[in-house]
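What follows is a set of notes on a single structure, which appears directly below.
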Amino acid sequence: MHEILNEYRPDFSPGQWSQRDRHFLEAFASNPDGIVSVLRNLPPEITGALCSRASRATGSLLEVLLKEYIYPIVDGQDARLAGELEDTVRFLREHGFKHILNNQRAQAFYSKWLSQYGDDSIAQVTGTHVIVWGISQVAMKFIEDQRVGLEPIEKSTRYVNFGSKVGGRYLYYIPKPDLERHGMLGEYTATMDHLFDTYVMLLAPLQDWLRKNFDEKDSILEKKAFDTLRGLLPMATLGQVAFRGNAQAFEYLINRTAQHPLGELRWFSQEIKRELDKEIPSLLLRVSDEKSNAYQTYLNQRYAAVRDFVRELPLESSSKPEVRLVECDPESETKILAAIIFQQSHTSWDDALNRAKTLAETDKRELFERYLWNRSARWQKVGRAFENAYLRFEIVMDIGSYRDLHRHRMMTQERQSFSTFHGYTTPLELQHAGLAARFEESVQRADRLFRKLHSIDHDLAQYVVPLAFRMRFYQWQNFRQLFWETELRTVSQGHPDYRFIEQEKYRLVKEKFPLLASFMFVDVNEYSIARRGTEQQILDKEKRLIERLKDRLL
């Protein structure tokens, strides 16, 4: 099994380490030469700061660890600190904390109470940090679908240049065994190379056009160019992700990926288990037993079974980004008001609900204003009473921008598989700069390959879909989540594509629930460059709201 799955290992080396590099890295990373590595023996602040760099780092986070946290000490002028660090590294390499503390006792505890007796709560209090450098966007999104227990941060396609080659080739995943079996390896690599070649070719002329049309710093316009062209990047693009997880979440992740149809994810399941076993082996004993094997089968085969059932349903494509409010509770305002009353009284829910139903419109507004008293900024979250009413939005938008909304994992989000069926978006900047033709020719070529692959293997076909193509998903969220997401994702710094989606959600809610919408801090303005301008419009609205509250209640 191990040798077969290694055929799916990404053909990519995260770093070219010298003997000196490896000497230090092996004290702090379980597998410096591998795609997956567990961080160890680092203070929490360094670990957190290092993982946070995943979104902007062009290379491996282990390279950042060396350059910013280790070598400044080793090569610094303070010989005492350098000597202490060298002594610590030598100790960690030769002994390690787990070998001098009574780690066997801790392992026996977990083996008994977690593995044998199934006390899952104790797996939630132990965890670690993992970095993965060299995994596709398809696999990354599947991993990040996990709602609780994993906290990922990934390499940004908006702020980092993905056009560099490593080892003579662009960084994209090649599911070689599957492509060879279908006789499509050559066409796949040619199409992927063409997408990246186009990305690289358009960078310079697009930046020239941006300089002529926007009075901004070169650093801002460079990021704008990356952002504009990221639609050319296929879902096979290799990225870096770092995440902290507790043991229960890691166990679930291994079970989710162990029998996945995609070989890349099955390989990942094997690889992360091997690395985690170096640090927390007693916490993952169950994933190899018979019950877990049955669970892994259940988690993956159900999708194939459902697909066979719905195979005859018609394809409904979309020709533009759109939002539909397909479901909501007409009593939403009343139920939220009832929850406000319930929490600050000693009455029953029925009585609180009946009281809310009898409120006049002016009293409803006053009670909302009292509950949101002095709320003056979007980061001041509304209370739990707003969790008592839900909405379902069906959304069609480009995959690139979906990656940001995907981060709102606590609500229920379900997406359809990545495809080219809903068309793509050509950025306006490319149209105005006269560069749209090359962009469109490249994504259309990917579309043709996708349709060939989809007729053979719809999971495999996802790799060739460029981020410019649209996808369909739904969000089932309560009003508290709605406030948080729409207020956060409409600020001036946000991407125009997802700002449009969130503004549309706000507009639809405002039509149905104008009273609730009146308390939302949503920026409906447009900005030509993300992170340009200020939030003055929102600040002005916040000041007006506070003044209205004071006039009404004081």
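Right, Asp459: within 23 Å of Leu238 (Cβ to Cβ) and over 21 Å from the mean Cα position of the chain (by Cα) or not? Answer is no for this residue. Of the helices (runs of 4 or more DSSP H) entirely within region 1-90, those holding at least 1 residues that are of a type in the set (S, T, N, Q) and under 28 Å from Thr157 (Cα atoms) occupy 44-52. Could you tell me which residue of region 382-411 is farthest from the chain's Cα centre (by Cα), considering only residues that are among the hydroxyl-bearing types (Ser, Thr, Tyr) and buried (at least 22 other Cβ atoms within 10 Å of the Cβ)? Within region 382-411, the match that is farthest from the chain's Cα centre (by Cα) is Ser401. For region 476-497, the criterion of being at pLDDT below 95 and touching a strand residue (DSSP E or B) at 6+ places or on another chain (Cβ under 8 Å) is satisfied by at least one residue.
Let's see how each residue does on (1) modelled with pLDDT under 95; (2) not in a helix (DSSP H, G or I); (3) not hydrophobic (A, V, I, L, M, F, W, C):
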position	(1), (2), (3)
Ile174	no, yes, no
Met192	no, no, no
Met201	no, no, no
Gln207	no, no, yes
Ile220	yes, no, no
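If you go through region 528-544 one residue at a time, do you hit one that is out of contact with any helix residue (DSSP H, G or I) (no Cβ under 7 Å at 6 or more places or on another chain), at pLDDT 55 or above and either in a helix (DSSP H, G or I) or not aliphatic (A, V, I, L, M) (or both)? The answer is yes, given that some residue of region 528-544 is out of contact with any helix residue (DSSP H, G or I) (no Cβ under 7 Å at 6 or more places or on another chain), at pLDDT 55 or above and either in a helix (DSSP H, G or I) or not aliphatic (A, V, I, L, M) (or both). One residue alone among Gly263, Gly231 is in contact with a Pro (Cβ under 8 Å, 6 or more places away or on another chain), over 20 Å from Leu61 (Cβ atoms) and surrounded by fewer than 22 Cβ atoms within 10 Å (Cβ to Cβ), and that residue is Gly263. Determine if region 229-239 includes at least one residue that is under 23 Å from Leu276 (Cα atoms), assigned to a strand (DSSP E or B) and at pLDDT 95 or above. For region 229-239, residues under 23 Å from Leu276 (Cα atoms), assigned to a strand (DSSP E or B) and at pLDDT 95 or above: present.
Set side by side, the residues Arg378, Arg365, Arg370, Arg324 differ, and just one is modelled with pLDDT of 95 or more, under 30 Å from Arg470 (Cβ atoms) and basic (Lys, Arg), which is Arg324.
Only one residue in Leu449, Leu430 is out of contact with any Asp or Glu (no Cβ under 7 Å at 6 or more places or on another chain), surrounded by 21 or more Cβ atoms within 10 Å (Cβ to Cβ) and part of a helix (DSSP H, G or I), so which one is that?
Checking each option against the conditions leaves just Leu430.
To keep it simple, each residue is scored yes or no on (1) under 20 Å from Glu502 (Cα atoms); (2) without any contact (Cβ under 8 Å) to a residue 24 or more places away in the chain; (3) not polar (S, T, N, Q).
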{"residue": "Glu316", "(1), (2), (3)": "no, yes, yes"}
{"residue": "Ala338", "(1), (2), (3)": "no, no, yes"}
{"residue": "Tyr371", "(1), (2), (3)": "no, no, yes"}
{"residue": "Arg378", "(1), (2), (3)": "yes, no, yes"}
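Among the conditions (1) surrounded by fewer than 22 Cβ atoms within 10 Å (Cβ to Cβ); (2) within 21 Å of the chain's Cα centre (by Cα), the only one that Arg499 does not satisfy is (1). If a residue has to be in a loop (DSSP other than H, G, I, E, B) and touching a residue at least 24 places away in the same chain (Cβ under 8 Å) to count, how many in region 454-510 make the cut? Final tally of qualifying residues: 12.
The values are calculated or read from the model by the stated rules, or taken from the named source; none is laboratory data. Note that the structure is a prediction, hence the values are computed from the model and not measured. Neighbour counts are summed over all protein chains in view; Cβ atoms, including those assigned to glycine, are modelled from backbone coordinates with ideal geometry.
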